[in-house]
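Shown next, in structure tokens, is the structure this report addresses.
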Amino acid sequence: MKYVKKPVVVEAFQFLVDERPDWFIKEYGRQIVLDGGEPTTRCEIKTLEGVMKACKGDMIIKGIQGEIYPCKKDIFDASYELYEDS
């Protein structure tokens, strides 16, 4: 069998490129990951599949059930297009 993904609208931002949205700050705060006490250019996000790391330029997505997870930019671009609210 073959399936087509249902069209859904998600919120997302590019890590360390775009301003962090309130929903991300509420969940993870402003200081994301400390490495030896110093801020780093990555963050660790707890998901149902375990802890996933996001690096600068990765997309961080808030899914339809409020779950937060990272996605590489090229995969995001192949899977999503900008939604224009009308």
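Sub-9 Å Cβ pairs linking a first residue in the stretch 35-62 that is within 22 Å of Tyr80 (Cβ to Cβ) and polar (S, T, N, Q) to a second residue that is part of a strand (DSSP E or B) and at pLDDT 90 or above, at least 6 apart or interchain, are Thr47/Ile68; Thr47/Tyr69; Thr47/Pro70, ordered by first then second residue.
Restricted to the chain, the set of strands (runs of 3 or more DSSP E) holding at least 1 residues that are under 12 Å from the mean Cα position of the chain (by Cα), surrounded by 10 or more Cβ atoms within 10 Å (Cβ to Cβ) and at pLDDT 90 or above comprises 11-14, 50-55, 59-62, 68-71.
The values are calculated or read from the model by the stated rules, or taken from the named source; none is laboratory data. Fair warning: this is a prediction, and the values are worked out from it, not measured in the lab. Note: ideal-geometry Cβ built from the backbone for every residue, glycine included; neighbour counts use all protein chains shown.
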